[in-house]
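Let me begin by presenting the structure, written as structure tokens, before commenting on it.
The values are calculated or read from the model by the stated rules, or taken from the named source; none is laboratory data. These figures come from a predicted structure and were not determined experimentally. Glycine gets a Cβ as well: all are built from the backbone with ideal geometry, and neighbour counts include every protein chain shown. Accessible surface areas use protein heavy atoms only, side chains included; no ligands, DNA or RNA. Shrake-Rupley method; radii C 1.70, N 1.55, O 1.52, S 1.80 Å.
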Amino acid sequence: MNAVYEPWSAARCTEIIESHSHVEGGVIVILHAIQDAFGYVPEPAIPMIAQARNLSRAEVHGVFTFYHDFRHEPAGKRVLKICRAEACQAAGGDALAARAEQSLGVKLGHTTADDRVTLEPIYCLGLCATAPSAMLDGKLVGRLDEKRMDALVAEAQR
Ligand code: FES
């Protein structure tokens, strides 16, 4: 279990699905809400969504696998999100993202082999004025440069 996400619970999943019952055609919205809660979309959530939405498992599974945003595995203990949106890119974010990938030995969207850190892209943290920006376990960090990124990666690995 990491600091950001809840442990899997079928009851909580049902609650999330029900809270979106008014959202029309909302399979994607529900999948996002489930991933926001648990850090990934656990396999048992698929038939639960299908049943609630009167769809086949294959239809829900199709949506789940079509979008690369959805994670199939639990996140690592720490979650480091690096902003990949325009303002951060313009401020040197590409090189910093590559630096984080190299330091951690994983590409964006993946978790280190020891399950310590999940490295994720995010598209604008609302911190464009202090770009390039990132977020470690929900804590925002701006004005990143090589030194600050290295420190952030080191903190994530602690
Ligand atoms: S573009 Fe990165 S914080 Fe807005």
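Distances between placed amide hydrogens fall under 5 Å for Cys124 paired with Arg84, Ala85, all partners being 5 or more residues away or on another chain.
Annotation for Lys107 and Ser9: the two label points, set 7 Å from Cα along the Cα-Cβ direction, are 3.6 nm apart.
Across the chain, Cα pairs under 8 Å and at least six residues apart give a relative contact order of 21 percent. Excluding ligands, DNA and RNA, the accessible surface per residue across the chain is 55 Å² with a 1.4 Å probe.
Sequence-ordered 3J(HN,Hα) estimates for the stretch 133-141 from the Karplus curve with 6.51, -1.76 and 1.60 and θ = phi - 60° stand at 10, 8, 8, 10, 6, x, 8, 7, 9 Hz, glycine and proline given as x.
Within the accessible area of the chain, the carbon and sulfur atoms contribute 52%, probe 1.4 Å, all protein chains present. Derived scalar couplings between HN and Hα for the stretch 27-41 equal 4, 5, 4, 5, 4, 5, 5, 5, 5, 4, 7, 9, x, 6, 9 Hz in order, rounded to whole Hz, by the Karplus curve 6.51 cos²θ - 1.76 cosθ + 1.60 (θ = phi - 60°), x for Gly and Pro. Cys128 exposes around 60 Å² of accessible area when a 1.4 Å probe is run over every protein chain in place. When the chain is treated as a GNM with alpha-carbon contacts under 10 Å, the residue of Val141, Val79, Val117 showing the greatest mean-square fluctuation is Val141.
Within the listed set Ala100, Ala37, Ala58, the Gaussian network model of the chain (springs between alpha-carbon atoms below 10 Å) gives the highest mean-square fluctuation for Ala58. Need the C-alpha centroid separation for the stretch 1-54 versus the stretch 80-100, integer Å. Spelled out, the Cα-based centre of one part sits 29 Å from the other. Residues Tyr67, Tyr5 ordered from highest to lowest accessible area at a 1.4 Å probe: Tyr67, Tyr5. Across the options Ala33, Thr118, Ala52, the greatest Cα extent toward the positive end of the charge dipole of the chain (unit charges at beta carbon of Lys, Arg, Asp, Glu) belongs to Thr118.
Relative contact order for the stretch 1-76: 35 percent, from Cα pairs under 8 Å spaced at least 6 residues apart, divided by residue count. The gain in end-to-end length when the Ala95 to Ala154 segment is fully stretched comes to 19.5 nm, 0.36 nm per residue minus the alpha carbon separation. Couplings 3J(HN,Hα) for the stretch 92-107, derived from phi with the Karplus relation 6.51 cos²θ - 1.76 cosθ + 1.60 (θ = phi - 60°), are x, x, 4, 5, 5, 5, 5, 5, 5, 4, 5, 4, 8, x, 9, 7 Hz, where x marks Gly and Pro. If R₀ is 41 angstrom, what is the calculated FRET efficiency for the pair Arg143 and Ser19, using the beta carbon separation as r and rounding to 0.05? The value I calculate is 0.65. If you check each cysteine of the chain for another cysteine whose beta-carbon is under 4.7 Å away, which ones come up empty? Lone cysteines by the Cβ rule: Cys13, Cys124, Cys128. Antiparallel beta bridges, as assigned by DSSP with both residues in the stretch 3-123, represent about 25 percent of the total such bridges. Between Val60, Val29, Val106, the GNM of the chain built on Cα springs shorter than 10 angstrom shows Val29 fluctuating the most.
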